[in-house]
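Nothing in this text is a laboratory measurement; each read-out follows from the coordinates by a stated rule. If you're wondering where the values come from, they're calculated on a predicted model, not measured in any experiment. Backbone-built Cβ (ideal geometry, glycine too); neighbour counts: all protein chains shown.
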Amino acid sequence: MKSWHQMTWEEVGDLPAKGMDAAILPVGATEQHGPHMGCGMDAEIGFHLCRAVSEETKVVMLPTLPYGCSVGHSKRWPGTLALQPKTLIDVVKDIGDWVHASGFKKLFIINSHATNFAPLRCALEMLRAEYDELMVALVNSFDVSERVREQHYSDGEDWHANDAETSLMLALKPDMVLKEKMMDVDDEDRTVDCVFSHPVNRTSKNGITGKPSLASKEKGEELFAWMVKDLSELVIKGLNENAPLPYSYFEKVI
């Protein structure tokens with residue numbers, strides 16, 4: 001199935017006209033992922049996952065947003081290109097405005113970078129308050145289901161560039177993994193007993209939290225298959241959902 005940016009305006013307009021009034025927006029990040037993995041990993045996961053789900057569900061995929069809220073990664077390591085939270089809110093709100101203007105009534109925001117969640121939730125709040133007829137869902141790719149979540153968190157609660165992420169990239173984009181470096185870069189989760197939320201420069205020695213040394217292509221293939229299946233089921237469920245009550249956001253009770 002063609003992605004949104006590959007379609008003509010007539011093809012985009014035909015989708016809601018024929019009853020498919022939903023779109024998927026992948027939101028990733030560009031940030032350091034340790035000495036062994038490319039900085040665009042989160043965006044790659046979002047792109048490959050949403051493309052596969054789009055094929056399964058026939059919901060059109062919007063262009064992947066490759067920048068996110070990565071300010072917590074600090075300037076200790078080169079490679080991070082971060083948006084401020086307020087910038088990400090505005091960008092996603094603007095995208096939602098134009099998706100709605102094209103006749104779409106359902107927007108699935110698929111987040112593949114953990115600290116994007118708060119600004120994306122703010123954008124969701126703004127969109128649902130402005131448009132009665134637009135429903136917005138926000139789903140983290142890494143906890144779309146219990147089995148997917150367990151795999152991601154298996155080697156640390158504050159994981160990053162870990163077993164799960166490295167395995168996914170070995171399966172999807174092996175050229176973005178330096179295999180000769182992944183075996184000796186494991187680093188522990190130092191946040192377990194913390195009260196405060198510390199930036200990565202104060203929690204990791206090399207930008208990693210977890211055990212990429214445990215990663216394998218086979219584990220990545222299995223995890224990715226789970227993510228596609230479980231997210232596709234969630235999207236299909238959403239396609240059949242209506243608001244529990246029909247009241248307008250703007251209608252006052254007198």
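Observations
- With distances taken between every two different alpha-carbon atoms, the chain has a Kirkwood hydrodynamic radius of 19.0 Å.
- Working note: Karplus 6.51/-1.76/1.60 with θ = phi - 60° gives the stretch 8-14 the couplings 6, 5, 5, 5, 5, x, 5 Hz, where Gly and Pro are set to x.
- For peptides 85-92, 36-43, 48-55, 135-142, sequence by mean Cβ density within 10 Å, most packed first: 36-43, 48-55, 135-142, 85-92
- Extension gain for K58-E221 works out to 56.4 nm (0.36 nm per residue, less the C-alpha to C-alpha distance).
- Over the chain: helical MRE at 222 nm, DSSP H runs n ≥ 4 each giving -39500 (n - 2.57), nearest 500: -12500 deg cm²/dmol
- Efficiency of FRET between E11 and I236 - r from beta-carbon atoms, R0 25 angstrom, step 0.05: 0.65
- Residues of the stretch 223-254 with amide N under 15 Å of a point placed 7 Å along Cα→Cβ from E125: none
- When +1 charges are put on Lys and Arg Cβ atoms and -1 charges on Asp and Glu Cβ atoms, the dipole computed for the stretch 23-239 relative to its Cα centre reaches about 420 debye.
- Listed by chain and number, the lysines placed with their C-alpha closer than 30 angstrom to that of K229 are K2, K18, K58, K93, K105, K106, K173, K179, K211, K217, K219, K237; residues fewer than eight positions away on the same chain are left out.
- For the stretch 60-67, Karplus couplings with θ = phi - 60° (6.51, -1.76, 1.60), whole Hz, Gly/Pro x: 5, 9, 6, x, 5, 8, x, 10
- Note, ³J(HN,Hα) from phi for the stretch 34-44, Karplus 6.51, -1.76, 1.60, rounded to Hz, x at Gly and Pro: x, x, 10, 9, x, 5, x, 4, 4, 5, 5
- Applying both filters, DSSP loop and at most 16 other Cβ atoms within 10 Å, to the trypsin sites (Lys or Arg not before Pro) of the stretch 121-216 gives K179, K181, R190, K205.
- 15 Å beta-carbon shell around I236, net charge (K/R +1, D/E -1): -2
- For G68, distant residues with modelled amide H under 5 Å away: T30, L83
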